[in-house]
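Read the structure below first, then the notes.
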Amino acid sequence: MNKFTKTTLKALSEAGWVFFRQGKGDHEIWHNPSTGKKVTVDGNMKSRHTANDTLKKAGLPKAF
């Protein structure tokens, strides 16, 4: 895991998101119990743009 993935997963956890299941390859599906939304997280994010897009889909502010 690189810096973008670790920071994104930490931000999701702090916002109440929980790991739901493993996706294809190195992807993970995270779930927010209070909203019922799901978001896919790449296990090897190489771009800050991908990380920020994941956070945006989760309803969180940009971190990078």
Restricting the stretch 27-49 to residues that are buried (at least 17 other Cβ atoms within 10 Å of the Cβ) and β-branched (Val, Ile, Thr), the residue that is farthest from the chain's Cα centre (by Cα):
39
Scanning the stretch 1-13 for residues that are within 8 Å of the chain's Cα centre (by Cα) and loosely packed, with under 14 Cβ neighbours inside 10 Å gives none
Kindly check whether there is at least one residue in the stretch 14-22 that is modelled with pLDDT under 95 and either surrounded by 11 or more Cβ atoms within 10 Å (Cβ to Cβ) or not in a helix (DSSP H, G or I) (or both).
no
Considering the stretch 51-64, residues that are at pLDDT 95 or above and open to solvent by 50 Å² or more (accessible area, probe 1.4 Å), and then whichever is nearest to residue 3 (Cα to Cα), we arrive at 53
How many residues of the stretch 33-64 are assigned to a loop (DSSP other than H, G, I, E, B) and without any contact (Cβ under 8 Å) to a residue 24 or more places away in the chain? The answer is 6
Give the residues of the stretch 24-41 that are closer than 17 Å to residue 4 by Cβ and at pLDDT below 95, sorted by residue number.
25, 26
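The values are calculated or read from the model by the stated rules, or taken from the named source; none is laboratory data. Since we're looking at a predicted model, the values are computed, not measured. Cβ coordinates were reconstructed from backbone atoms using ideal geometry, including for glycine residues, and neighbour counts include every protein chain displayed. Surface areas here come from the heavy atoms of the whole protein model, side chains and all, with no ligands, DNA or RNA. Shrake-Rupley method; radii C 1.70, N 1.55, O 1.52, S 1.80 Å.
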